[in-house]
Amino acid sequence: MRAHLPSPRAHWLLLALSLVVLLAFLLLDVLVVQRVGQGEAPSAGPADRVPDAVRTGGPLIGSDGTGLTSRAVPDGAVVLTFDDGPDPHWTPQVLDVLRRNNAKATFFVTGVAAARHPELVERMADEGHEVGLHTFTHVDLGTVGEARTALELGQTQLVVAAATGRASSLVRPPYSARPDALDNDDLAAVERMVASGHLVLLSTHDTEDWRNPGVDAIVAAGTPSDRRGVVLLAHDGGGDRSQTVAAVEQLIPKLREQGRQFRTAGDALGVQVPRSASAVEQAEGTAVSL
């Protein structure tokens, strides 16, 4: 006796219901989050649970099936990353700088911003840049549980899928910094993300461009003192990024003169970040972006 299969109509009803739920969450997010942006990181708490291998390891955190692992960027490589976009004013300027200098970067987009400006996410991918996830509402993942984490990353994933046709496993948690700055709450969030199949990319050099300290200060903060590979943290959204645009224009040729190469995170670290998104993911992402 054959098992009873759901009718095609039931399948589409289920999909429609899922889209309604996602749209309801989007409406709630837009009402609650008036402006997505970064700021001063929350105060660090106890860090006694953070393994030494993670604290002193590289910026990419994943799993080998038995526990957390970390990976460092190869010597001489620069992974230039931008958080909090896309922004309709600043992201195109950042992309223009990268195109003029023939440099590739990794963008960690928020779902709220990506849903409003999917054409910019599409441009990132079309021009050879990498697109990662930065949650939907820029929430501190160390303060929320598994369900909220899954929702934040899942919604963002759908929006990226609709814009690019690809899904990403790469996450940059909001308010994150270097591995040696992780506390116990951060570790719990990283463990949740890695357990769900994500890779977490932190940074090695924070330009602190969100403070608007001046172009020279941003360039200095983004210039390594040795040949080790680096992950530079900058922003293309969340506020006035004129200093960031000017600093990146100077920073790329400066580091190239030192013999450094600009690479995406996946390329530099030898991991496959994007995959083809399913038709259902793209359809749901399109509904979320409406």
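The values are calculated or read from the model by the stated rules, or taken from the named source; none is laboratory data. Since the structure is predicted, the reported quantities are computational estimates derived from the model, not experimental observations. No Cβ is skipped: glycine too gets one built from the backbone with ideal geometry, and neighbour counts run over all protein chains shown. Each accessible area value is taken on the protein alone, full model and side chains, heavy atoms only, with ligands, DNA and RNA left out. Shrake-Rupley method; radii C 1.70, N 1.55, O 1.52, S 1.80 Å.
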Conditions: (1) farther than 24 Å from residue 130 by Cβ; (2) at pLDDT 95 or above. Residue 89 meets all but one. Number of the miss? (1)
Hits in the stretch 225-239 - residues which are in contact (Cβ under 8 Å) with a residue 40 or more places away in the chain and surrounded by fewer than 16 Cβ atoms within 10 Å (Cβ to Cβ): 227, 228
Under 7 Å between Cβ atoms, which residue pairs at least 6 apart in sequence (or on different chains) link something in the stretch 192-210 that is in contact (Cβ under 8 Å) with a residue 40 or more places away in the chain with a partner that is in a loop (DSSP other than H, G, I, E, B) and open to solvent by 50 Å² or more (accessible area, probe 1.4 Å)? 202/178; 203/178; 204/178
Mind listing whichever residues of the stretch 168-192 are among the polar types (S, T, N, Q) and within 11 Å of residue 59 (Cβ to Cβ)? 176
Just the residues that are surrounded by fewer than 20 Cβ atoms within 10 Å (Cβ to Cβ) and among the small types (Gly, Ala, Ser), please, taken from the stretch 143-166. 145, 147, 150, 154, 165
Count, please, the residues in the stretch 175-204 that happen to be among the charged types (D, E, K, R) and in a loop (DSSP other than H, G, I, E, B). 2
Of all residues in the stretch 219-250, how many are among the small types (Gly, Ala, Ser) and part of a helix (DSSP H, G or I)? 5
Does the stretch 167-174 contain at least one residue that is open to solvent by 10 Å² or more (accessible area, probe 1.4 Å), in a helix (DSSP H, G or I) and at pLDDT 95 or above? no
Checked the stretch 256-277 for anything out of contact with any helix residue (DSSP H, G or I) (no Cβ under 9 Å at 6 or more places or on another chain), open to solvent by less than 80 Å² (accessible area, probe 1.4 Å) and not in a loop (DSSP other than H, G, I, E, B); matches are 265, 266, 268, 269
Would you check if residue 133 is crowded, with 21+ Cβ neighbours inside 10 Å and either within 23 Å of residue 62 (Cβ to Cβ) or not hydrophobic (A, V, I, L, M, F, W, C) (or both)? yes
Within the stretch 240-255, of all residues that are of a type in the set (D, E, K, R) and surrounded by 17 or more Cβ atoms within 10 Å (Cβ to Cβ), the one farthest from residue 167 (Cα to Cα) is 249
Does residue 253 meet the test of being in contact with a helix residue (DSSP H, G or I) (Cβ under 9 Å, 6 or more places away or on another chain) and not in a strand (DSSP E or B)? no
For the stretch 116-130, which residues satisfy the criterion of being open to solvent by 10 Å² or more (accessible area, probe 1.4 Å) and outside any strand (DSSP E or B)? 116, 117, 118, 119, 120, 122, 123, 125, 126, 127, 128, 129
Evaluate the stretch 205-219: report whether one residue or more is among the small types (Gly, Ala, Ser) and either out of contact with any strand residue (DSSP E or B) (no Cβ under 7 Å at 6 or more places or on another chain) or surrounded by fewer than 17 Cβ atoms within 10 Å (Cβ to Cβ) (or both). yes
